[in-house]
1. List every residue pair whose Cβ atoms sit under 8 Å apart, with the two residues 6 or more apart in sequence or on different chains, where the first one lies in segment 94-123 and is among the aromatic types (Phe, Trp, Tyr) and the second, anywhere, is within 11 Å of the ligand (Cβ to nearest atom) and assigned to a loop (DSSP other than H, G, I, E, B).
2. Return yes or no: is Thr84 open to solvent by 60 Å² or more (accessible area, probe 1.4 Å), modelled with pLDDT of 95 or more and among the β-branched types (Val, Ile, Thr)?
3. Kindly provide the set of residues from segment 246-258 that are more than 15 Å from the chain's Cα centre (by Cα) and open to solvent by less than 50 Å² (accessible area, probe 1.4 Å), ordered by number.
4. Counting just the residues of segment 185-201 that are of a type in the set (A, V, I, L, M, F, W, C) and in a loop (DSSP other than H, G, I, E, B), which one comes out surrounded by the fewest Cβ atoms within 10 Å (Cβ to Cβ)?
5. If the Cβ limit is 8 Å and pairs must be 6+ apart or interchain, which residue in segment 129-140 that is open to solvent by 30 Å² or more (accessible area, probe 1.4 Å) pairs with which residue that is basic (Lys, Arg) and more than 8 Å from the ligand (Cβ to nearest atom)?
6. Scan segment 105-122 for residues that are crowded, with 20+ Cβ neighbours inside 10 Å and either closer than 28 Å to Leu327 by Cα or not hydrophobic (A, V, I, L, M, F, W, C) (or both) and jot them down.
7. When segment 324-358 is examined, which residues are found to be buried (at least 21 other Cβ atoms within 10 Å of the Cβ) and more than 20 Å from Asp417 (Cβ to Cβ)?
8. Out of (1) in contact with a strand residue (DSSP E or B) (Cβ under 9 Å, 6 or more places away or on another chain); (2) crowded, with 23+ Cβ neighbours inside 10 Å; (3) of a type outside the set (A, V, I, L, M, F, W, C), the odd one out for His321 is which?
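The values are calculated or read from the model by the stated rules, or taken from the named source; none is laboratory data. Given the structure is predicted, the values throughout are model-derived calculations rather than measurements. Every residue, glycine as well, gets a Cβ built from its backbone with ideal geometry; the counts of neighbours run over all protein chains shown. Please note that ligands, DNA and RNA were not included when accessible areas were found on the heavy atoms of the full protein model with its side chains. Shrake-Rupley method; radii C 1.70, N 1.55, O 1.52, S 1.80 Å.
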Amino acid sequence: MRLGQNDRVTDPRAFRRPDTKTLSPRAISTRAAHPPAPTVPAQPPVGLPVYRTAVYGFDSMQDYADVLGGRTAGYVYSRIDNPTSDAFAAAVAALEGAEAGQPFASGMAAISTTLLGLLNAGDHVVAQAELYGGTFALLSSVLPRFGITCTLVPKRDGVETSSRDVAAAVRPETALIYAETVANPTMSVADLPGLSAVARAAGVSLVVDSTFASPVVCRPMEWGADLVVHSATKYIGGHSDSSGGVVVGGAELVSRVRAMRAELGAMLSPDEAFLLHRGLQTLPLRVERHSTSALAFATAMAAHPSVASVMYPGLSSHPDHELARSLFSVGEAGTTMYGGCVLVTPRGDASAGLALCDALTIGRVATSLGGVHTVVSHVPSTTHRQLDDTALAAAGIGPAAVRVSVGLEDSADLVADFTQALDRL
Ligand code: PLP
């Protein structure tokens, strides 16, 4: 039995143990190994209980075999399912408007297990070329070793052009189309309705990594995506203290991904799930604040004489601004939210980007994004270090480009901190 929100465990057999009173005398080691069963309260808990167990007991060998064989619902082993981890994935599915969700140990665990769960040797993937580095490596060098090939389609200006280019890359053996809602680090926005039309015409699934947007800014299933993946390590967790991933979508596709995870073992631990679930409950508040601050920050940076360019979909100068406005949600304050990441490129060579990062007093040099603290990284020497100058230029990344994950600090303080650092360049 998979416990639902309203199910109550009142049957004491669910926690059957040797009765230490009636079966005494038993040695202390036996009593230590079989302590009295915990009482499961009849009231539903307000906080999320942590099911910190790897193993679940059964009344009989037949029960065990039935659950393991999928004939009866239930928990067997936390590498396969865990109530706390499942509750976290169900919470993300509810935010995305998806039928089902499954939890993973990291964003890359979610992405790799999803692709391995849906693809076979001989299959082909069409992906937008602007991808997180780990996903790029998976598609361009790991999966080809197992007979799965990929065409990376560079995103050209113009919404229709990019979807037409993706359509042109589809082959008879294409099995999946892959994109990121907001791509790292240029903040380019995927034409989700266009990509979904291409996927539907080809009869294949559209899988979207929506980590940068979070379900608060954009819900790709509303625009035709079949599966949505997240690195929950970023905005969903939101505090830079836990790693996790999640995939949500239709029940049939999600169950295929779950079956692959059971074999590969990339499960989310219940302790991490608890932290991510707690973070998720304040996600709308945080993301609206990240978005408001990032727009104010991007506007101020664009006006600084030492800045060559600012890429943020909330700025009308961004090539995908209109597309973003049509896909992204309006916050409680009545304005469209564009997320919390901004690409700031100071004038000069790489040393200008490094000097900007090092001169900050609030912004911290660190990897990752989406947390409480403002975090910066010089893109060419970190996340995109594998690209040479020509490849960087082709990807729209200048030699001094700095990715800023705008945190929850006061936005005027942030602007002042970056302004003093830019003034020194
Ligand atoms: N997807 C995107 C867009 C990311 O930025 C990242 C990490 O930075 C990942 C996936 C991978 O997530 P994780 O680090 O949780 O494995």
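1. Qualifying pairs under 8 Å: Phe104/Gly244; Phe104/Ala266; Phe104/Leu268.
2. Working: open to solvent by 60 Å² or more (accessible area, probe 1.4 Å): no; modelled with pLDDT of 95 or more: yes; among the β-branched types (Val, Ile, Thr): yes.
The answer is no for Thr84.
3. We begin by selecting, within segment 246-258, every residue more than 15 Å from the chain's Cα centre (by Cα); these are 250-258.
If the condition is that a residue be more than 15 Å from the chain's Cα centre (by Cα) and open to solvent by less than 50 Å² (accessible area, probe 1.4 Å), then Gly250, Ala251, Leu253, Val254, Val257 are the ones that fit.
4. If we filter segment 185-201 for residues that are of a type in the set (A, V, I, L, M, F, W, C), which is where we start, we get 187, 189-190, 192, 195, 197-199, 201.
If we keep only those that are in a loop (DSSP other than H, G, I, E, B) as well, we get 187, 190.
Values: Met187: 28, Ala190: 33.
Among those that are of a type in the set (A, V, I, L, M, F, W, C) and in a loop (DSSP other than H, G, I, E, B), it is Met187.
5. Every condition considered, the pairs that remain are Ala129/Lys155; Glu130/Lys155.
6. Scanning segment 105-122 gives Gly107, Met108, Ala109, Ala110, Ile111, Ser112, Thr113, Thr114, Leu115, Gly117, Leu118.
7. Ala324, Leu327, Phe328, Met337, Tyr338, Gly339, listed by residue number.
8. Of everything listed in (1) in contact with a strand residue (DSSP E or B) (Cβ under 9 Å, 6 or more places away or on another chain); (2) crowded, with 23+ Cβ neighbours inside 10 Å; (3) of a type outside the set (A, V, I, L, M, F, W, C), His321 misses just condition (2).
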